[in-house]
């Protein structure tokens, strides 16, 4: 599948779960050393990410490369690892 | 931008519209200086605006629990200017105006506690008056 195709099967839950995994496993430690307080916008299928102090600028960078995609967004330093272990009902945050 | 102070909470009037909307909607939001985002809206306020979904966002609350919301882009109209801002949307959200938005509009927030008034205005801080050396 082309990287730029929308992901019709990726629900908000799946997008968030994949985004959390990428951020917590691959990016958190590195980015908290250098970019704390800035925003990272992650394209979860490719793992590519875009950083800026202004979230709208980071989103603009991401959308320039992936205009059809939805992204997972974190303000660096505000998401902790224990989030993955926290018991939460699926879709609880939606409704 | 008009602001209000009820003795405990600070509110402001905002005008916002979706990318494809021509008509802006007026909303009254509470200013939350502990909220680093721009604007948070519950579903029932956000959907009629036609905001464009960009993705999801996650963060950890002070008690260690995770919190999630949708992130949309909307157009804020303030003092005749149009600014594209991120809007955090979730079912349980309150209509909050965060520090990010106050920074974006580059105004100063002045609270007159005595008269319960709020002002958003540009002001320049005067440089301190140079003190004269004490003559002995």
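The values are calculated or read from the model by the stated rules, or taken from the named source; none is laboratory data. Since this is a predicted model, take the numbers as computed values, not measurements. Using ideal geometry, Cβ is built from the backbone for each residue, glycine included, and neighbour counts are taken over all protein chains shown.
Can you say whether residue B:29 is in contact with a strand residue (DSSP E or B) (Cβ under 9 Å, 6 or more places away or on another chain), surrounded by 19 or more Cβ atoms within 10 Å (Cβ to Cβ) and under 16 Å from residue A:73 (Cβ atoms), as far as the supplied structure shows?
no
For residue B:29, only one of the following conditions fails: (1) more than 7 Å from every other protein chain (Cβ to nearest Cβ); (2) closer than 20 Å to residue A:12 by Cα. What is its number?
Status for residue B:29: all satisfied but (2).
Scan the range B:85-92 and give yes if some residue there is more than 13 Å from chain A (Cβ to nearest Cβ), within 21 Å of residue B:10 (Cβ to Cβ), out of contact with any helix residue (DSSP H, G or I) (no Cβ under 9 Å at 6 or more places or on another chain) and outside any loop (DSSP other than H, G, I, E, B), otherwise no.
No, the conditions are met nowhere in the range B:85-92.
Determine, yes or no, whether residue A:49 is modelled with pLDDT of 85 or more, more than 15 Å from residue B:61 (Cβ to Cβ) and within 10 Å of another protein chain (Cβ to nearest Cβ).
Taking the combined requirement at face value, the residue does not satisfy it.
For the range B:53-76, name all the residues that are modelled with pLDDT of 90 or more and more than 10 Å from chain A (Cβ to nearest Cβ).
B:72, B:74, B:75, B:76
Results for (1) free of Cβ contacts under 8 Å to residues at least 12 places away in the same chain; (2) under 17 Å from residue B:53 (Cβ atoms), shown as yes or no for each residue.
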position	(1), (2)
A:33	yes, no
A:43	no, yes
A:49	no, no
A:56	yes, yes
A:60	yes, yes
A:64	yes, no
A:70	no, yes
A:76	no, no
